[in-house]
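Chemist: Take a look at this one; I'll ask things after.
The values are calculated or read from the model by the stated rules, or taken from the named source; none is laboratory data. From a predicted model like this one, the values you see are computed outputs, not experimental measurements. Reconstructed Cβ throughout: ideal geometry from the backbone, glycine too, with neighbour counts over all protein chains shown. We work out accessible area using only protein heavy atoms, side chains counted, and drop any ligands, DNA or RNA first. Shrake-Rupley method; radii C 1.70, N 1.55, O 1.52, S 1.80 Å.
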Protein chains: 2
Amino acid sequence: MTEKTTRKPSAARIQQEARILRAAEEVFAQKGFSGTSMDSVAEAAGISKQNMIYYFSSKENLYRRVLQNILDLWLEKMSFIEDSSAEPAEMISAYIRGKLELSRDYPFASRVFAHEVINGAPILKEYLISHLQPQFERDTALVRRWIEAGKIDPIDPEHLFFVIWAGTQTYADFAPQIQLLLNKPALEQSDFDAAASFLTQIVLRGIGAEH
Amino acid sequence: MTEKTTRKPSAARIQQEARILRAAEEVFAQKGFSGTSMDSVAEAAGISKQNMIYYFSSKENLYRRVLQNILDLWLEKMSFIEDSSAEPAEMISAYIRGKLELSRDYPFASRVFAHEVINGAPILKEYLISHLQPQFERDTALVRRWIEAGKIDPIDPEHLFFVIWAGTQTYADFAPQIQLLLNKPALEQSDFDAAASFLTQIVLRGIGAEH
DNA sequence: TGCAAGTTTTACCAGCTGGTAAAGTTTCTT
DNA sequence: AAGAAACTTTACCAGCTGGTAAAACTTGCA
């Protein structure tokens, strides 16, 4: 039974698509959706615009794929649950460290996401509802169990996550401002380490999770 | 001695300019600089594009003015110093409350600023260096004095501000995501109150500033 | 080898972009 | 009332936008 609609994509095609997606992520991160032209993405990928359109038939199509890659990556790496037997302190510090590593290693992805959400998440909305929301509810439920078990103080689980997200994402999204105020041409590993230890300390002490 | 270059701007002109600036702020917040067309701003302001160009001769011009208004407002309201005799706990909680009020009352301004910084602050850079940086250095210096006086634990003053900024700004910039996860059509006063008390508690306990 | 599928290039376009030029209209001042 | 200054409208445009159509080239495989 040979398939007609869906052929196996060749290795070359996969490689070319990945190349385009990487370029698109960078340009979208810097200019947002409306500010990004197909031409500029193609140039960044080193191919002609028309050839790129062969791989991604429309701009919105391309943008969707970029967003989906980002969210897949994040949700995969940011599962709070997994080892739910671990103690709050180590789980939270691992979570913070993990999110900061994402900001460090995928700053473009973070900015594309930021652009999208600031603009009201017109395209991401469905995906957020179907994928992020359930995970968020599992994670906040776990935090509530911690509270009931007396492992941490009675705090608002939702806002706990909002602050952790904001405090980690800022090192990707607002990097230009932070660099400027730290008088550095770029954020270094030591800055991420300082951010991680500061944030972890603040949060753990703030919710009474130390010791 | 009558002036030729600078005439007194009429009340009508000031009003019209303000009207345009308000509209521009909203559109820039939603679409970013490149994604915003002069036409769409004019439409939002209820006048013709050509007439708007009479008041703001170019798009960049208009954008600069919007940014400047925002920064002026923020720096004016966000001086950490002023009453430097106050105790750390009350100063920090007032600061957090003030910044959250800005997020609540001027969400568009916050988003325009976010767009600009994410894009590398190409236009804001000079202004940040000349206005934000000095204030930042005064504020971090004050925090260092608190540490030396034993009023708070020895923490990293820079990262303290980064976290406070991120944790307050997120309620403007990422409002769509937060609304979605809270299952609310819009953020209410109670949400800002919850955010304020959570953030304040976390930060004050985190740096040992309570009591 | 042949030839079909996959890929790249060339040519093109309608619509929107920021901006100019200038004519027309209203408002202010004397 | 009249003239000037301030304001608004009409007409226009060159360049860029996302996207289409199709010709030309390359590759994998019978």
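Chemist: Within 24 Å of the chain's Cα centre (by Cα) and near DNA strand D (Cβ under 10 Å from one of its atoms), is that true of A:K49? Walk me through it before giving the result.
Modeler: On the way: within 24 Å of the chain's Cα centre (by Cα): no; near DNA strand D (Cβ under 10 Å from one of its atoms): yes.
So A:K49 does not fit the description; no.
Chemist: Do we find a residue being at positive phi and assigned to a loop (DSSP other than H, G, I, E, B) anywhere in segment A:160-179? So that I can check it myself, show each step before the final result.
Modeler: We begin by selecting, within segment A:160-179, every residue at positive phi; these are none.
Among the residues of segment A:160-179, not one is at positive phi and assigned to a loop (DSSP other than H, G, I, E, B), which makes the answer no.
Chemist: When A:R145 is evaluated against the numbered criteria (1) in a helix (DSSP H, G or I); (2) within 12 Å of chain B (Cβ to nearest Cβ); (3) of a type outside the set (S, T, N, Q), which criterion, by number, is the only one it fails?
Modeler: Unmet for A:R145, out of (1) in a helix (DSSP H, G or I); (2) within 12 Å of chain B (Cβ to nearest Cβ); (3) of a type outside the set (S, T, N, Q): (2).
Chemist: Go through segment A:12-37 and count every residue that is within 8 Å of DNA strand D (Cβ to nearest atom) and over 17 Å from B:T36 (Cα atoms).
Modeler: 1
Chemist: Further question on the same structure: Just give me the residues in segment A:56-93 being in contact (Cβ under 8 Å) with a residue 60 or more places away in the chain, under 24 Å from A:P122 (Cβ atoms) and more than 14 Å from the chain's Cα centre (by Cα), in sequence order.
Modeler: A:E60, A:Y63
Chemist: With more than 30 Å from B:G206 (Cβ to Cβ) and either within 10 Å of DNA strand D (Cβ to nearest atom) or surrounded by 13 or more Cβ atoms within 10 Å (Cβ to Cβ) (or both) as the only criterion, which of A:K99, A:K59 stands out? Lay out the reasoning, then the answer.
Modeler: Numbers: A:K99 fails: more than 30 Å from B:G206 (Cβ to Cβ).
Result of the check over A:K99, A:K59: A:K59.
Chemist: State which residue pairs qualify: first residue closer than 19 Å to B:F174 by Cα and inside segment B:186-211, second residue open to solvent by 60 Å² or more (accessible area, probe 1.4 Å) and part of a helix (DSSP H, G or I) in any location, beta carbons under 6 Å apart, and separation of 6 or more residues or different chains.
Modeler: Final answer for the pair search is B:F192/B:R104; B:A196/B:R97.
Chemist: Right, another one. Only residues that are over 15 Å from B:A109 (Cα atoms) and within 11 Å of DNA strand C (Cβ to nearest atom): list them for segment B:7-30, please.
Modeler: Answer for segment B:7-30, where residues must be over 15 Å from B:A109 (Cα atoms) and within 11 Å of DNA strand C (Cβ to nearest atom): B:R7, B:K8, B:S10, B:A11, B:A12, B:R13.
Chemist: What number goes with the only condition from (1) away from chain B (no Cβ under 13 Å); (2) more than 16 Å from DNA strand C (Cβ to nearest atom) that A:A45 does not pass?
Modeler: That leaves (2) as the condition not met.
Chemist: Next question. Among (1) on the phi < 0 side of the Ramachandran plot; (2) open to solvent by 30 Å² or more (accessible area, probe 1.4 Å), where does A:E82 come up short?
Modeler: For A:E82, the exception is condition (1).
Chemist: Need a quick list: helices (runs of 4 or more DSSP H) entirely within segment B:27-131 having at least 2 residues that are among the acidic types (D, E). Break it down into steps so the answer makes sense when it comes.
Modeler: Numbers: elements: B:38-45, B:49-55, B:59-77, B:88-105, B:107-118.
Here the list reads B:38-45, B:59-77, B:88-105.
Chemist: Anything in segment B:119-138 that is crowded, with 19+ Cβ neighbours inside 10 Å and farther than 20 Å from B:L62 by Cβ? List them, or say none.
Modeler: Result: B:F136, single match.
Chemist: Could you say whether any residue in segment A:31-42 is within 16 Å of DNA strand C (Cβ to nearest atom), away from chain B (no Cβ under 14 Å) and out of contact with any strand residue (DSSP E or B) (no Cβ under 9 Å at 6 or more places or on another chain)?
Modeler: Taking every residue of segment A:31-42 in turn, at least one turns out to be within 16 Å of DNA strand C (Cβ to nearest atom), away from chain B (no Cβ under 14 Å) and out of contact with any strand residue (DSSP E or B) (no Cβ under 9 Å at 6 or more places or on another chain).
Chemist: Quick check on segment B:105-120. Is at least one of its residues within 16 Å of DNA strand D (Cβ to nearest atom) and either within 25 Å of A:L181 (Cα to Cα) or more than 14 Å from chain A (Cβ to nearest Cβ) (or both)?
Modeler: Here is the first cut: in segment B:105-120, the ones within 16 Å of DNA strand D (Cβ to nearest atom) are B:119.
Checking the rest, the ones that are also either within 25 Å of A:L181 (Cα to Cα) or more than 14 Å from chain A (Cβ to nearest Cβ) (or both) come to B:119.
Yes, segment B:105-120 contains at least one residue that is within 16 Å of DNA strand D (Cβ to nearest atom) and either within 25 Å of A:L181 (Cα to Cα) or more than 14 Å from chain A (Cβ to nearest Cβ) (or both).
Chemist: Show the residue pairs meeting these rules: Cβ distance below 6 Å; 6+ apart or different chains; first residue within segment B:153-180 and more than 7 Å from chain A (Cβ to nearest Cβ) and over 17 Å from A:D173 (Cα atoms); second residue open to solvent by 10 Å² or more (accessible area, probe 1.4 Å) and of a type in the set (D, E, K, R).
Modeler: From segment B:153-180, the pairs are B:P157/B:R144.
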